[in-house]
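Report on one structure; see the data block that follows.
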Amino acid sequence: MIDWPSQAPLSASARLFGNYIQSAVPEISADAGLLAALCFHAVSVGHSCLDLAQLPVIFPRHSRLAAVSLESLFNAHPLVAVIRGKDNDVPPALLVVFQQRLYLKKYWDLECRLIQQLTSRATDNAVQCNGSAGQDLATVCMDKPMVFLTGGPGTGKTTAIAEALPIWIQHFLQQYDRLPVIRLCAPTGKAALRMTSALASQRATQAERWPEPVLSALPAAAQTLHGLLRKQSMTGHSPYSSEKPLSLDFLVLDEASMIDLPMLVAVLEALPAHAKVLLVGDPKQLPSVELGNVLGTLLPDIAGNSLFKRLSTAHRHLSCNYRQAESPGLAQLSIDMADSGSARVLQNLQENNYPNVVFHSAVEVGLAAVVLESVRHYRSLAQHTSVEDALLKMEQRTLLCAVRHGRFGCETLNAEIQRRLSGARYQQGQVLLITENAPALGLANGDTGLVWASKGALALHFNRPEGIQCVALHALPKHELGYALTVHKAQGSEYAQVDLVLPQDDSALLNRALLYTAVTRARNLLNIIGSPQALARGLDTDPIRMNGLAALAANVSGK
């Protein structure tokens, strides 16, 4: 048994795993068990491997282990496979060693499968683009099996997609003498709903320009990735795979930064060989809640990496912020949050240099004011005569938190707002957040609804593109109060006004990507409540997700 360091941030499961690896070769150094436990723990917090080069940053208390030679340590271990050269096929093992990276075998396999999919869809040829963003996107989609479209909020990604799809449909129709099957998807129900609404707003323009056959091939609505793959909520099993692919010709994946490694592998492997796939997103936003940071890892054109270079030829980036005239302060803050140092951002906030952005550094005063305004907002909302109007008002404002727990977490703030509104379990005007997928009810994790009277009884109402959806309270899946949300839960959404509450403690969750994601949820107004120290700490912390995708890509291609 290992004498575990008292300060090691390891769960009981991670320690048991470390002990098991250690006990298989009792004479081996205790570093073997500790590294195995750290690898197990790393996966639980979003990394796909333990990269020893990143140990001083990710696990500073164990930085001495960065000098350990994994190959030497685990060379003769019966439960560990050591990869040498380009042979990525490994015998049965619990752990895999690859170039100073330690993997749980499952996640090694996933990264290898992703690289295999990328390699099969990456081409060398450059595409000549000289038109509008939509025309250029259509041109790339005609030529490339896999395409990336990135850009911040307001840069016209949806407009480009809406312009590109009819052009691509017409090209497909001419080439194959049939209409294509197109699917629109997003990781969450909320993101899928927003994608549906955004593209629906473009339909009038499309109807003026394109004939009926082309228009008929445009998908009416987006769905979640779980819905596309028909994944079972309990087992995660999907009926679709490379042996039984999806029936489609073009797949658009919105909010791709939110897609985790296992889900992206499952989607790509379920595509027919001829199908095109377009990944749309903002790599500067938060990575997926679950494992991986695929979009952020794949897009940099790493010098000498031939696979990544081929992928870069299928990447279109939009940078012109068309909302800047409407909300120039928010637009500039978004840019600064992504790229500028904390000193500049803090100075501009404290000097009120961002119009429509207010920084409340007196935290307790600012928090009390925001809670009071939220209570007034929802009391007013409950007085509306129609649920349609109330839902529209609900979607205009939200309270975002960096954390769930503690004084500045969404659980505490939700409870406080609810207490001031009413002591009842359910009430008119109450906001609820669905926290598990319920395909039979048409509900997905992340859906936000409003409790409202319907036919004499309270029910939860959702604003859908096709109209209002009403679900009886007794039939609801797992849910919680939704007056305040974590930034992760709000990803894929947009509000006219956002109140952002930062934690005062040294939260490991506070980083630049989280702040950028929160700020870009606001369309018109933003209140930030937090100490200058907390904000600076967040801006000075870049999120790191350890993986070996770049190294694997280089290993496969030989460069």
**Report entry** Cross-link pairs 231/478; 284/489; 309/489; 105/190; 231/393 - those with Cα-Cα distance over 26 Å
**Finding:** 309/489; 105/190; 231/393
**Report entry** Cα-based Rg and Dmax for region 400-490, where Dmax is the largest Cα-Cα distance (Å)
**Finding:** 13.3, 39
Report summary line: Hydrophobic long helices for the chain, i.e. whole DSSP H runs reaching 15 angstrom or more by Cα along the axis with Kyte-Doolittle mean at least 0.5, come out as 31-44, 189-200, 363-382
Query raised in the report: Given the Cα-Cα distance of residue 200 and residue 220 and 0.36 nm per residue of separation, how much length would full extension add, in nm?
Result: 6.4 nm
Report summary line: Computed on Cα atoms, the radius of gyration and Dmax of region 180-268 in angstrom are 14.4, 46
Query raised in the report: Convex hull over the Cα atoms of the chain, averaged projected area in nm²?
Result: 27.7
Requested in this report: For every helix of n ≥ 4 consecutive DSSP H residues, a contribution of -39,500 (n - 2.57) applies; sum these over the chain, divide by its total residues, and give [θ] at 222 nm rounded to the nearest 500 deg cm²/dmol.
Outcome: -11500 deg cm²/dmol
Query raised in the report: Given a cut-off of under 8 Å on Cα pairs at least six residues apart, what relative contact order in percent is computed for the chain?
Result: 15
**Report entry** Cα-Cα separations in region 87-212 greater than 19 Å, expressed as whole percent
**Finding:** 64
Query raised in the report: Per residue and in cubic angstrom, what volume does the convex hull of the Cα atoms of region 1-64 have?
Result: 83
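Only the coordinates and a few stated rules stand behind these numbers; no lab work does. None of these values were measured; they are calculated from a predicted model.
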